[in-house]
Amino acid sequence: MSPPWRKGPRVAPSWALLILALLTGCPIAENYSDADGPRYSGDYRPVDAVPAAPPASLTVVTFNLAFAEHVTEAITALSRSPLVEADVILMQEMDAPSVDRIAKELGLAYVYYPASVQVDGDDFGNAILSRWPISADRKINLPHDDPYHQQHRAAVVGTLDIQGTPVQVVSVHNATPIVGLGGRLDQAETIINAVDGAEPLQVIAGDFNTSDPGSLTQTVKLFSGRGFQWASGGVGDTVDSAIGGLPLDSVFTRGLSPVDRGVDRRPAGSDHHPVWVRFAWPP
């Protein structure tokens, strides 16, 4: 039996993209543009994982693990307070073996869809890990591939069954500023349109790459105009970089009330710091 992270078929670059690579000197990414996959999933929750009583709160963590290179450090970070209280972890820049390992060690269910292949051959995509059953999931292909590498981006949608109450969560990794603010706002709006009206309780979170001036303000304005609250507002910078701290990672919600939030700035194996938001439950 092949391992659960065995790769599916890739989309080969066209002759036009190969010519572009030769002219620019930039390697062209291999992409997974199929809306149905590749898809990977697993469930390592204990047999008695679902409690009889409703939860006292719902905690969401979003974490970009920087090419999934330091999984051991990430597991350590996700195993300590306050991240250990997470009901759902939305991760970016992941490959299937890393997602599977984290889910297994933390006792979580997961679903993972890669969007592209890195130059080192590892897949690159988003994951949802959850203490609650994931009753449905899908991938949203995003417009505006990287103009130099043609790297594709996608969002991953999952519906959690919290004792009969569905909560839809989306793990997001928008393109870098190289596509322009308009392109990234279009990616965010594509996600909103894809889930609009699907469930009354929604969380859309991840790395929105809002590093350039005005991009975070415009992203928050877009979500606010579509009925979402910036649940992680006020947590501050989420990334360490050579030019200083950057506010790249955000959590947006519709139908849930945030009661606490923060950034865990201790070492976690990434230049991104995990962002967490605790929501009131029942909603």
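Results for (1) out of contact with any strand residue (DSSP E or B) (no Cβ under 7 Å at 6 or more places or on another chain); (2) free of Cβ contacts under 8 Å to residues at least 24 places away in the same chain; (3) within 21 Å of ASN64 (Cβ to Cβ), shown as yes or no for each residue.
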position: LEU129; (1), (2), (3): no, no, yes
position: PRO133; (1), (2), (3): no, no, no
position: LYS139; (1), (2), (3): no, no, yes
position: LEU142; (1), (2), (3): no, no, yes
position: GLN151; (1), (2), (3): no, no, yes
position: THR165; (1), (2), (3): yes, no, no
position: GLY183; (1), (2), (3): yes, no, yes
position: GLN187; (1), (2), (3): yes, no, yes
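Could you go through the range 208-230 and let me know if any residue there is free of Cβ contacts under 8 Å to residues at least 60 places away in the same chain, assigned to a strand (DSSP E or B) and under 21 Å from TRP132 (Cβ atoms).
Just the residues of the range 208-230 that are free of Cβ contacts under 8 Å to residues at least 60 places away in the same chain, to begin with: 208-230.
Remaining after also requiring assigned to a strand (DSSP E or B): 229-230.
Next, only the ones that are under 21 Å from TRP132 (Cβ atoms) stay: none.
Scanning the range 208-230 turns up no residue that is free of Cβ contacts under 8 Å to residues at least 60 places away in the same chain, assigned to a strand (DSSP E or B) and under 21 Å from TRP132 (Cβ atoms).
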Please give the number of the condition LEU222 fails out of (1) farther than 27 Å from ARG80 by Cβ; (2) out of contact with any helix residue (DSSP H, G or I) (no Cβ under 7 Å at 6 or more places or on another chain); (3) open to solvent by 20 Å² or more (accessible area, probe 1.4 Å). (2)
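So for the range 249-265 (the condition being closer than 30 Å to THR76 by Cα, touching a residue at least 40 places away in the same chain (Cβ under 8 Å), part of a loop (DSSP other than H, G, I, E, B) and basic (Lys, Arg)), does at least one residue qualify? Lay out the reasoning, then the answer.
At the first step, the residues of the range 249-265 found to be closer than 30 Å to THR76 by Cα are 249-253, 256-265.
Then keep just the ones that are touching a residue at least 40 places away in the same chain (Cβ under 8 Å); that gives 249-253, 256, 259, 262, 264.
Okay, now just the ones that are also part of a loop (DSSP other than H, G, I, E, B), so 256, 264.
If we keep only those that are basic (Lys, Arg) as well, we get none.
Checking the range 249-265: not a single residue is closer than 30 Å to THR76 by Cα, touching a residue at least 40 places away in the same chain (Cβ under 8 Å), part of a loop (DSSP other than H, G, I, E, B) and basic (Lys, Arg).
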Lone qualifier among VAL99, VAL50, VAL60 - being closer than 20 Å to ILE128 by Cβ and at pLDDT below 95: VAL50
I'd like to verify a number: residues in the range 107-132 that are open to solvent by less than 50 Å² (accessible area, probe 1.4 Å), at pLDDT 95 or above and outside any strand (DSSP E or B), how many? 3
Output yes when any residue across the range 173-180 is β-branched (Val, Ile, Thr), open to solvent by 50 Å² or more (accessible area, probe 1.4 Å), touching a Phe, Trp or Tyr at 6+ places or on another chain (Cβ under 9 Å) and in a helix (DSSP H, G or I), and no when none is. yes
Could you list, ordered by first residue, the pairs with Cβ atoms under 9 Å in which the first is in the range 189-203 and among the aliphatic types (A, V, I, L, M) and buried (at least 19 other Cβ atoms within 10 Å of the Cβ) and the second is modelled with pLDDT under 95 and in a loop (DSSP other than H, G, I, E, B), at least 6 apart or interchain? LEU201/PRO283
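The values are calculated or read from the model by the stated rules, or taken from the named source; none is laboratory data. Please read all numbers here as calculations on a predicted model, not as lab measurements. We place every Cβ from the backbone using ideal geometry, glycine too, and count neighbours over all the protein chains shown. In case anyone asks, the SASA skips ligands and DNA or RNA and just uses the protein heavy atoms, side chains included. Shrake-Rupley method; radii C 1.70, N 1.55, O 1.52, S 1.80 Å.
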